[in-house]
Amino acid sequence: MVDPKGTAGSTKVPLWLVPSTAIAAIAMALREGRDKYGLFNWRNRKSKVNASTYVSAALGHIEDWVDGEDFDPNCSDKHHLGAAMASLGIIMDAEACGTLNDDRPHNGPEWSVRDVD
C-alpha cells in the first residue's frame, strides 16, 4: 500500500536533510542580528541591503573560523560558521524578497583561483 501523504511529501523541499546543529547556529546568529538591527531588517523595502556587506561578513566569519576561533568573542553563543551561513541566507532571502542591491563585480575573469595548480 502506498502512503499518499508520503508521496505528496516527497515533492516538497526535504528540510529534514539540514543538520539541526546548523539550524541552531544560524538561529543564534540571526537572534543577535535581530537584537542589534531589528527582526528581518534586510526585508525593509525602503532601503535595500548590499550583497557585498553580507558577503564580506560571511567571509570574515569563515576566516576567523579557519584561524582557529570557533565563536565570535563579541557574542559568545554565536558560532562563526553559523554567522557565515546566516549572512548567506540573508542574501538569498533579500534576493527573493526584492530587497537586495546586487553590487557584485560582474564580468570578472572567467577563471577561478581554485582551478590554478
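Throughout, read-outs are computed from the coordinates displayed, never taken from laboratory work. None of these values were measured; they are calculated from a predicted model. Cβ: placed from backbone, ideal geometry, glycine included. Neighbour counts: every protein chain shown.
Equivalent-ellipsoid semi-axes (√(5λ), Cα gyration tensor) for region 19-103, whole Å, largest first? Please report the intermediate quantities before stating the final value.
Working: eigenvalues 97, 37, 24 Å².
Equivalent-ellipsoid dimensions as semi-axes: 22, 14, 11 Å.
Springs between alpha-carbon pairs under 10 angstrom, Gaussian network model over the chain: which of VAL18, VAL49, VAL66 fluctuates most? It is VAL18. Ordering LYS48, LYS36 by the number of other Cβ atoms within 10 Å of each residue's own Cβ, fewest first, gives LYS36, LYS48.
For the options SER52, SER20, SER87, a Gaussian network treatment of the chain with springs between C-alpha atoms closer than 10 Å singles out SER20 as fluctuating the most.
Just to verify a number: FRET efficiency for THR53 and LEU17, C-beta to C-beta distance, R0 = 41 Å, to 0.05? List each step's numbers first, then the result.
Details: r = 29 Å, r/R0 = 0.71.
With a Förster radius of 41 Å, E is 0.90.
Springs join every pair of Cα atoms under 10 Å in this Gaussian network model of the chain, and among HIS106, HIS79, HIS61 the largest mean-square fluctuation is at HIS106.
Looking at the chain, do any whole DSSP H helices span at least 30 angstrom along their long axis by alpha carbon and average -0.5 or above on Kyte-Doolittle, and which?
Values: long enough: none.
What comes out of the filter, once short or polar helices are dropped, is none.
How high is the relative contact order of the chain, in percent, with contacts defined as C-alpha pairs under 8 Å that are six or more residues apart? With pairs under 8 Å counted, the relative contact order is 32 percent.
Among all the lysines, which ones have a C-alpha under 23 Å from LYS78's C-alpha, if same-chain residues fewer than 8 places away are not counted? Hits, sequence-local ones excluded: LYS36. Put simply, the amide H of ASN50, placed in the peptide plane, has neighbours under 5 Å in ASN101, leaving out anything fewer than 5 places away on its chain. Considering the zone a paramagnetic label at ASP67 would reach in this model (a point 7 Å from Cα along the Cα-to-Cβ line), which residues of region 35-61 have amide N under 17 Å from it? Answer for this model: 56-61.
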